[in-house]
Amino acid sequence: MSELARGVYRYWRDGQLQAITEPWRLLAAPGGLLLRGKRLVDGLPFLDVEADYVGTRCTGLRLHWQPPAPAAPRSVEYQLREGGLLRWRFEHEAGFRELALPADALLFPLLRAGTGPLLGALSSGARNVVLPCIRDGADAASFLHPIHSPRHVSAPVQVGDGSPTLRYHGGEYGAEGCDCWLDDHGLLQRYH
């Protein structure tokens, strides 16, 4: 596999740099692209992610959660099939579980490097977005299980410094949404 691009996302909150980074690499893979990334907290791995893409659409996801001790690591695999069928399983499970979603559902791999393609797909209208729940690592009933909700992007608006932005609505951003800036290559530059 050959490398096509790489970068690092850094997290800021209230003007302060946080101890969270996301280094990522985009690789050419048989039949599409492979996005590999990590979320590091204080320099230590927290999430390892591999996402399969066909064009700009995420079709598969492998996520490994590495919590601080004494919690045990967990891994999950997602496959989004044509027609909106999500297949998913934890590393210790022999078979896949299935979840029916709308036919045009999108899979989001939790990496900021995957946000640009997701926003691009949502620009054509509201769609259901599915992703692993990472809200509470102690809640085995929901952690890394799929959550989904309708999301959309409103037309570009001018905010702050006058540069064009997209407003991303739904999920954790609710009806109010958050502003997202994309660079010339369609990658997320910043959001708030």
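The values are calculated or read from the model by the stated rules, or taken from the named source; none is laboratory data. Note that this is a predicted model, so its numbers are computed, not measured. Here Cβ is always computed from backbone atoms with ideal geometry, including for glycine, and neighbour counts include all displayed protein chains. The accessibility values were calculated without ligands, DNA or RNA, using every heavy atom of the protein model including side chains. Shrake-Rupley method; radii C 1.70, N 1.55, O 1.52, S 1.80 Å.
Here is a yes/no grid of residues against (1) more than 20 Å from Gly186 (Cα to Cα); (2) touching a Ser or Thr at 6+ places or on another chain (Cβ under 6 Å); (3) open to solvent by less than 100 Å² (accessible area, probe 1.4 Å):
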{"site": "Met1", "(1), (2), (3)": "yes, no, no"}
{"site": "Asp14", "(1), (2), (3)": "yes, no, no"}
{"site": "Leu17", "(1), (2), (3)": "yes, no, yes"}
{"site": "Ile20", "(1), (2), (3)": "yes, no, yes"}
{"site": "Gly31", "(1), (2), (3)": "yes, no, yes"}
{"site": "Leu35", "(1), (2), (3)": "no, no, yes"}
{"site": "Arg39", "(1), (2), (3)": "yes, no, yes"}
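Checking each residue in region 168-182 for being free of Cβ contacts under 8 Å to residues at least 24 places away in the same chain and of a type outside the set (A, V, I, L, M) picks out His169, Glu172, Tyr173, Gly174, Glu176, Gly177, Cys178, Asp179, Trp181. Screening the candidates Pro68, Pro45 for the property of being assigned to a strand (DSSP E or B) and over 17 Å from Cys133 (Cβ atoms) yields one hit, Pro45. Can you confirm whether region 145-164 contains a residue that is closer than 23 Å to Val41 by Cβ and touching a residue at least 12 places away in the same chain (Cβ under 8 Å)? Yes, that holds for at least one residue.
So that you can scan it fast, the table gives a plain yes or no per residue for (1) exposed (fewer than 15 other Cβ atoms within 10 Å of the Cβ); (2) over 22 Å from Gly37 (Cα atoms); (3) more than 14 Å from the chain's Cα centre (by Cα):
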{"position": "Ser75", "(1), (2), (3)": "no, no, yes"}
{"position": "Glu93", "(1), (2), (3)": "yes, yes, yes"}
{"position": "Arg97", "(1), (2), (3)": "yes, yes, yes"}
{"position": "Ala100", "(1), (2), (3)": "yes, yes, yes"}
{"position": "Ala105", "(1), (2), (3)": "no, yes, no"}
{"position": "Leu111", "(1), (2), (3)": "no, no, no"}
{"position": "Thr115", "(1), (2), (3)": "no, no, no"}
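Out of Ser154, Ser124, Ser149, one residue alone is assigned to a loop (DSSP other than H, G, I, E, B), surrounded by fewer than 20 Cβ atoms within 10 Å (Cβ to Cβ) and hydroxyl-bearing (Ser, Thr, Tyr). It is Ser124. Where strands (runs of 3 or more DSSP E) fall wholly inside region 71-112, the ranges with 3 or more residues that are touching a residue at least 60 places away in the same chain (Cβ under 8 Å) are 74-80. All conditions but one from (1) farther than 28 Å from Gly125 by Cβ; (2) touching a strand residue (DSSP E or B) at 6+ places or on another chain (Cβ under 7 Å) apply to Gly15; the one that does not is (2). For region 82-101, a residue qualifies if it is under 21 Å from Val54 (Cα atoms) and modelled with pLDDT under 95, and the qualifying residues are Glu82, Gly83, Gly84.
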